[in-house]
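Visitor: Below you'll find the structure I mean.
The values are calculated or read from the model by the stated rules, or taken from the named source; none is laboratory data. Source: prediction; values computed, not measured. When we count neighbours, we look across all protein chains shown, and the Cβ atoms used for this are built from the backbone with ideal geometry, even at glycine.
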Amino acid sequence: MKAIVIIPARLASQRLPNKPLMKINGKTMIRRTVERVLAGGMNPVVVATDSKLIFEECATIAGITPVMTSEKHTCGTERVLEAYEIISPKLGEFDLIINVQGDEPFVEPEMLKELTVELEKRQGLAQFWTTVAALPDHEKNDQNVAKVVLDLKQNALIFSRDYIQSAYKHTSVYVYTPDFLKKFCSLPNSPLELEYRLEQMRALDNGLALNCIPLPYDSVSINSIEDLEKAGVTDYQLYK
């Protein structure tokens, strides 16, 4: 199984502007995310961005390739596809594309290692996967935390930002086959995708299976100052 990691990162976040370049304990968020991915043994690793500032920051990190992409994408998945189409003529085709969001500076390297093992087992079951974990009690009513209910085959039934009984926490690492990624991005934004601000709903709205991989690793995605506090961060500097 040949896999590539692509990390989408943009400056124009509505809830926390310029967040990839904000500093957490002296390092930019994007640098911390990249370092955690590299620590998980991932290779090759690409950062897909629409910002020259993010590109320049990532160009100083050994072991990764930054790629400039369009400003017009409506979600990170579309940015990942463009980056893949740019990079694959140079690196060749891959069996799987792993999307680690650029706002995951606390993603667990061990989770990424276990994810690759699980993906080996799940080949042939799906073309689209994502990671989930047990939903902590203190996040049940957190609107920034996406929740998902699974069927008996561990496929996603529904995602919501509201609490649902028996739901898992969505821990936001996506995996696709190249063919699935192209199909997904050819579809228009779906009603539930727009209503919930959850891009994975585009697949469910169109009847496409999303296989969920439960792993015992939680992490805090950084979308707000409150998320930094939840992660125990006290030393941070916003980029202006």
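Visitor: Within segment 203-236, take every residue that is polar (S, T, N, Q) and touching a strand residue (DSSP E or B) at 6+ places or on another chain (Cβ under 7 Å) and give me the one that is farthest from residue 107 (Cα to Cα).
Guide: In this case the residue turns out to be 211.
Visitor: Inspect all residues belonging to segment 63-75 and state whether any of them is at pLDDT below 95, in the same structural domain as residue 36 (by TED's automatic domain parsing) and under 14 Å from the mean Cα position of the chain (by Cα).
Guide: yes
Visitor: Taking the condition aromatic (Phe, Trp, Tyr), at pLDDT 95 or above, outside the structural domain of residue 81 (by TED's automatic domain parsing) and within 24 Å of residue 12 (Cα to Cα), does residue 168 pass?
Guide: Against the criterion (aromatic (Phe, Trp, Tyr), at pLDDT 95 or above, outside the structural domain of residue 81 (by TED's automatic domain parsing) and within 24 Å of residue 12 (Cα to Cα)), residue 168 does not qualify.
Visitor: Hey, can you tell me all the residues within segment 37-58 that are under 25 Å from residue 72 (Cβ atoms) and in a helix (DSSP H, G or I)?
Guide: Scanning segment 37-58 gives 52, 53, 54, 55, 56, 57, 58.
Visitor: Sort out which residues of segment 172-207 are β-branched (Val, Ile, Thr) and either in contact with a Phe, Trp or Tyr (Cβ under 7 Å, 6 or more places away or on another chain) or under 12 Å from residue 75 (Cβ atoms) (or both), and write them in order of number.
Guide: Taking segment 172-207 and keeping what is β-branched (Val, Ile, Thr), we get 173, 175, 177.
175, the sole residue that qualifies.
Visitor: Right, here's the next one. Filtering segment 133-154 down to residues that are of a type outside the set (Gly, Ala, Ser) and buried (at least 17 other Cβ atoms within 10 Å of the Cβ), which residue is nearest to the chain's Cα centre (by Cα)?
Guide: Taking segment 133-154 and keeping what is of a type outside the set (Gly, Ala, Ser), we get 135-145, 147-154.
In the following step, the residues that additionally are buried (at least 17 other Cβ atoms within 10 Å of the Cβ) were identified as 135, 142, 145, 147-148, 150, 154.
Details: 135: 18, 142: 19, 145: 13, 147: 15, 148: 15, 150: 19, 154: 19 Å.
Applying the filter and picking the extreme gives 145.
Visitor: Against the condition outside the structural domain of residue 4 (by TED's automatic domain parsing), modelled with pLDDT under 95 and out of contact with any strand residue (DSSP E or B) (no Cβ under 9 Å at 6 or more places or on another chain), how does residue 179 come out, does it pass?
Guide: No.
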